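The next block holds one structure in the form of structure tokens; read it before the comments.
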């Protein structure tokens, strides 16, 4: 589908060269994205060369502990990071580099091209404004809609996320946590984006509501050919919702592959530890002995030599301190960054084309 | 329909809660009562004081008549009733107080929100300018301004307005920083909102409670400043104001001649109104800020 036709609300015109470019077959292409924060005179790397692609209509889950760079990646996609952050690499949204965009174009792309469902809907709504006005906000900001028209669209959106129309007049404090998250989802859908970034959309919700919200997101996203990037620390949630899974550790993707395969049999010890941390329904053994992973993620200012997961790795080997493994093919459609999957003859020097290792296995 | 009715009931209950909290503050209630009395008198003044009573030439009383029948607070150098003058003076004092407070709060809010929103060097420059105005003696500045411009009530309002804003700017900037750190601001930026959108739609409504409390406190300051400027002879000579009455009393030698009724009533009026506004402002602050409410 032609992207311009898909987004009637985009206020700024497409750049002139958009027509010359071949039609993008990927709605999001992230290439060597690195983010570092200036702090205390030094630069602290938060994200170190992350690359991934997202085809239209596909769903990618990004998993990892707090502080591994998941949310930084999400915010970098729309250049929402604080001024102290330095971003490098490329983020192509429908073939256009977000990192080079002019301010006006960036504003137009925000929400109309890609919208975000933030974590903690409670705080992402302005407490002194009615929910309906806030859902109408992107419609009005992105031009086009007259207030009356926006109002009818708001009612429609509320219905789609399962909220009664009169909720439009409510203030955020009058809604429950699940209802607020529904309102946030309605807001994310308002401008018919091609991509939705869901940053821990179910944090702080109880399990029943979590399931409802996930089902809702799944329905809405699947029904309209929207692609989604979902971020969570909960591997089981991601495995259920997404097609593919990427596991992040210390600012890098350490494993990527089809969601169920990564969840069931991770090739990277960190991925395995994450998936083992959640007891599985119907598997009494895992319920009686849920396994955690001792230790904390490394301080990004002082990463260990070699593999950054080495200090916590249950399967650490001698060469782990010498090799900093990069993503390497680990089965059909899968990659992992662990010495165990590196071919033996490659183990002491980085393989060619290290940054694009994920692409070499893509086909 | 029942939903709307429910919402209204709830809103009314919330307002009643605020009113009750305010009513629980005795200082605030006393201040409010005094203000209501003076405000009412100022509004109704033209009904029972005719222009002749305030005219320098047409007034009927004798010179420096002590308080007595017909003149509860005596008369001034021109035979005018001091009570009439004080009541009439409330009109100017309150008008100037409110308008000057409004000007300075508007200016302070604008600068505070902009400085807090942009941060970085523009914010720093704005705050250094604010500091500069804050350390500048406001009275000297206002005197200078009032002396340069034409002598009118508007001049006084402007002179007070442009000198009293630094406190508001600082308070609003601090509140803006707190609001800007909240996630819904990030959400507003993510959905493509520009600076103006974020500042007007999200920051401003959230800093308004602070601004409101600040305004009531500033009215008191503005009234004092107006009285001071009028006392220094910088007011509009054609109008009757409390500061102006005291100044006339001073030039007429009221202090040395023991004509206390010429000086004390306007002085008490100034003190009463300023105190009342301060007490109301404090009470309002306590009501709008639950953390203060609990500590009381």
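Restrict the check to region A:340-358 and report whether at least one residue is crowded, with 16+ Cβ neighbours inside 10 Å, in contact with a helix residue (DSSP H, G or I) (Cβ under 6 Å, 6 or more places away or on another chain), at pLDDT 70 or above and assigned to a loop (DSSP other than H, G, I, E, B).
So far as region A:340-358 goes, no, none of its residues is crowded, with 16+ Cβ neighbours inside 10 Å, in contact with a helix residue (DSSP H, G or I) (Cβ under 6 Å, 6 or more places away or on another chain), at pLDDT 70 or above and assigned to a loop (DSSP other than H, G, I, E, B).
If I ask for residues that are under 22 Å from residue A:210 (Cβ atoms) and surrounded by fewer than 24 Cβ atoms within 10 Å (Cβ to Cβ), which ones from region A:171-188 would you list?
Listed by number, the residues that qualify are A:172, A:173, A:174, A:175, A:176, A:177, A:178, A:179, A:180.
Regarding residue A:62, is this residue more than 14 Å from chain B (Cβ to nearest Cβ), in contact with a strand residue (DSSP E or B) (Cβ under 7 Å, 6 or more places away or on another chain) and assigned to a helix (DSSP H, G or I)?
Judged against the criteria, residue A:62 is not a match.
With at positive phi and touching a residue at least 24 places away in the same chain (Cβ under 8 Å) as the only criterion, which of A:104, A:67 stands out?
A:67 is the lone residue from the list that is at positive phi and touching a residue at least 24 places away in the same chain (Cβ under 8 Å).
Just wondering, is there one or more residues in region A:139-155 that are more than 13 Å from every other protein chain (Cβ to nearest Cβ), under 30 Å from residue A:206 (Cβ atoms) and touching a helix residue (DSSP H, G or I) at 6+ places or on another chain (Cβ under 6 Å)?
yes
Return only the number of the condition from (1) at pLDDT below 90; (2) more than 10 Å from chain B (Cβ to nearest Cβ); (3) under 17 Å from the mean Cα position of the chain (by Cα) that residue A:51 does not satisfy.
Unmet condition: (1).
Checking residue A:161 against (1) touching a residue at least 40 places away in the same chain (Cβ under 8 Å); (2) within 11 Å of chain B (Cβ to nearest Cβ); (3) under 27 Å from the mean Cα position of the chain (by Cα), which test does it fail?
Tallying (1) touching a residue at least 40 places away in the same chain (Cβ under 8 Å); (2) within 11 Å of chain B (Cβ to nearest Cβ); (3) under 27 Å from the mean Cα position of the chain (by Cα), residue A:161 fails exactly one: (2).
Would you be able to say whether some residue in region B:14-35 is within 30 Å of residue A:167 (Cβ to Cβ), within 14 Å of chain A (Cβ to nearest Cβ) and either at pLDDT 85 or above or part of a helix (DSSP H, G or I) (or both)?
Step one: filter region B:14-35 for residues within 30 Å of residue A:167 (Cβ to Cβ), giving B:14-21.
If we keep only those that are within 14 Å of chain A (Cβ to nearest Cβ) too, we end up with B:14.
Retained after the next criterion (residues that are either at pLDDT 85 or above or part of a helix (DSSP H, G or I) (or both)): B:14.
The answer is yes; a qualifying residue exists.
With the requirement that a residue be part of a helix (DSSP H, G or I), surrounded by fewer than 24 Cβ atoms within 10 Å (Cβ to Cβ) and in contact (Cβ under 8 Å) with a residue 24 or more places away in the chain, what does region B:226-245 give you?
Looking only at region B:226-245, we keep the residues that are part of a helix (DSSP H, G or I), and these are B:226-231, B:242-245.
Subsequent filtering for residues that are surrounded by fewer than 24 Cβ atoms within 10 Å (Cβ to Cβ) retains B:228, B:231.
Scanning region B:226-245 gives a single hit, B:228.
Each row is one residue, and each column tells you yes or no for (1) under 29 Å from residue A:85 (Cβ atoms); (2) in contact with a helix residue (DSSP H, G or I) (Cβ under 9 Å, 6 or more places away or on another chain).
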| site | (1), (2) |
| --- | --- |
| A:212 | no, yes |
| A:216 | no, yes |
| A:224 | no, yes |
| A:228 | yes, yes |
| A:232 | yes, yes |
| A:252 | yes, no |
| A:261 | no, no |
| A:264 | no, yes |
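Hey, among the residues in region A:110-133 that are facing chain B (nearest Cβ under 8 Å) and outside any loop (DSSP other than H, G, I, E, B), which one's modelled with the lowest pLDDT?
Filtering region A:110-133 for residues that are facing chain B (nearest Cβ under 8 Å) and outside any loop (DSSP other than H, G, I, E, B), the one modelled with the lowest pLDDT comes out as A:123.
Does residue B:219 satisfy the criteria of being assigned to a helix (DSSP H, G or I) and either within 14 Å of chain A (Cβ to nearest Cβ) or surrounded by fewer than 21 Cβ atoms within 10 Å (Cβ to Cβ) (or both)?
Judged against the criteria, residue B:219 is not a match.
In a loop (DSSP other than H, G, I, E, B) and within 14 Å of chain A (Cβ to nearest Cβ): does that describe residue B:193? Give the derivation first.
Working: in a loop (DSSP other than H, G, I, E, B): yes; within 14 Å of chain A (Cβ to nearest Cβ): yes.
Criteria met by residue B:193.
Quick check: anything in region A:83-98 surrounded by fewer than 19 Cβ atoms within 10 Å (Cβ to Cβ) and within 13 Å of chain B (Cβ to nearest Cβ)?
yes
Can you tell me which residue among B:212, B:177, B:204 is out of contact with any helix residue (DSSP H, G or I) (no Cβ under 6 Å at 6 or more places or on another chain), within 14 Å of chain A (Cβ to nearest Cβ) and modelled with pLDDT of 90 or more?
Every option except B:204 fails the conditions.
Residue by residue through region B:74-111, note down the ones that are surrounded by 24 or more Cβ atoms within 10 Å (Cβ to Cβ), over 19 Å from the mean Cα position of the chain (by Cα) and in a helix (DSSP H, G or I).
The answer is B:82, B:85.
Determine which member of the set B:185, B:158 is part of a helix (DSSP H, G or I) and within 14 Å of chain A (Cβ to nearest Cβ).
B:185
The values are calculated or read from the model by the stated rules, or taken from the named source; none is laboratory data. Just so it is clear, the model here is predicted, and its values are computed rather than measured. Because the Cβ atoms are built from the backbone with ideal geometry, glycine has one as well, and the counts that use them run over all protein chains shown.
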